[in-house]
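J.: Sharing a structure, written as structure tokens. Questions coming.
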Amino acid sequence: MNPTILIVFVVVAVIGGIEERCFLPNDSGMCLASMPQVFFNSTSGACEHFIYGGCGGNENRFETVEECEQACSE
């Protein structure tokens, strides 16, 4: 991703109130469970489904698309 575009996105996000966790990368964690979850893809600007392993990972993880959009959409 072009660094200029990323900087612009971060500035818009801060002004728009997007939570910091929305900029963390997708992380399925270390365990082997298969739990459907949602993360905010800061490259595409959309909430997307992924499989969470059940432990570890990061805070960019939501139960529903609606919860993700509320936290991460402008």
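J.: Just checking, does the range 26-40 include any residue being touching a Pro at 6+ places or on another chain (Cβ under 9 Å) and either under 13 Å from residue 74 (Cβ atoms) or at pLDDT 95 or above (or both)?
T.: Yes - at least one qualifying residue is present in the range 26-40.
J.: Go through the range 48-63 and report how many residues are surrounded by fewer than 12 Cβ atoms within 10 Å (Cβ to Cβ) and either farther than 22 Å from residue 30 by Cβ or touching a Phe, Trp or Tyr at 6+ places or on another chain (Cβ under 7 Å) (or both).
T.: 0
J.: Further question: Please specify each residue of the range 28-47 satisfying the condition of being surrounded by 14 or more Cβ atoms within 10 Å (Cβ to Cβ) and farther than 19 Å from residue 18 by Cβ.
T.: 28, 29, 35
J.: List, please: which pairs have Cβ atoms under 8 Å, are six or more places apart or on different chains, and start with a residue in the range 33-45 that is farther than 9 Å from residue 62 by Cα and part of a strand (DSSP E or B) and end with one that is of a type in the set (Asp, Glu) and at pLDDT 95 or above?
T.: Every condition considered, the pairs that remain are 41/48.
J.: Can you find a residue that is at pLDDT 95 or above, among the β-branched types (Val, Ile, Thr) and out of contact with any helix residue (DSSP H, G or I) (no Cβ under 8 Å at 6 or more places or on another chain) anywhere in the range 55-73? Walk me through how you get there before you give the answer.
T.: Residues of the range 55-73 that are at pLDDT 95 or above, as a first pass: 55-72.
Retained after the next criterion (residues that are among the β-branched types (Val, Ile, Thr)): 64-65.
From what's left, out of contact with any helix residue (DSSP H, G or I) (no Cβ under 8 Å at 6 or more places or on another chain): 64-65.
Yes, the range 55-73 has at least one match.
The values are calculated or read from the model by the stated rules, or taken from the named source; none is laboratory data. All figures in this text were calculated on a predicted structure; none of them were measured in a lab. Positions of Cβ are backbone-derived with ideal geometry, glycine not excepted, and every protein chain shown enters the neighbour counts.
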